[in-house]
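For reference, the structure is listed below as structure tokens.
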Amino acid sequence: MTHFHFKENFWGASTKPIEIYDEQNNPAFVLSLYYTSSRQETFALLGRKKHNFKIEFDGGSYKVLQERSLEGKFKTPFKNVWEVFKNDTKIGTFETRFGFKPKIIFNGTKNDSLIFESGFISRSVKVTDQDGKDVMETKSERFKVASNHDINVISNQYHPAMLIMLFQVFFEYQEYQRSKSN
């Protein structure tokens, strides 16, 4: 098991890079929010959901891009979909699912999948693969302006940078859904 931790930016819509630290408190990855348009940035500044993240590490990067096209809305009208890229090559999608618990599923291009799920009230996230094996667990501080996240990567099946980036997308989506319900 490998442990990572990071603290989000104070201003949620900030594109300032966030350092992800390993077990020895050494910077391992750099995570950042990015916008594809000024409209996206404006809505994020007004408290709307944050769409796109990228994470960089020695040797490459991962990023997610939320599907925003009209064609995409016809294909997936009742869910949010992000395309997942490694070094600008698409490796899968990340799709919301309706259910009692918040859930988003990564569907890889190699017929693999990961299920990101949290409790109904909890801020902790559990990630399992298509066989139900634990891949990652997280704990996040509640009631903080800028959340601290502790992440334990249990399996080496996936690059930890990808898992952390997808966790951040899941966490932001979950927080956005909770804010809409208030």
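Throughout, read-outs are computed from the coordinates displayed, never taken from laboratory work. Every value quoted in this text rests on a predicted model; they were computed, and no experiment measured them. Counting neighbours? That spans all protein chains shown, and the Cβs are built from the backbone with ideal geometry, glycine included.
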Using 0.36 nm per residue, how much length does the chain from S122 to K16 gain when fully extended, once their Cα-Cα distance is taken away? 35.5 nm
Which net charge results for the neighbourhood of F85, defined as the other residues with beta-carbon distances under 9 angstrom from its beta-carbon, given Lys and Arg at +1 and Asp and Glu at -1? +2
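Only loop residues by DSSP count here, and only those with at most 13 other Cβ atoms within 10 Å; note down the GluC sites (Glu not before Pro) in the range 87-178 that meet that.
E141
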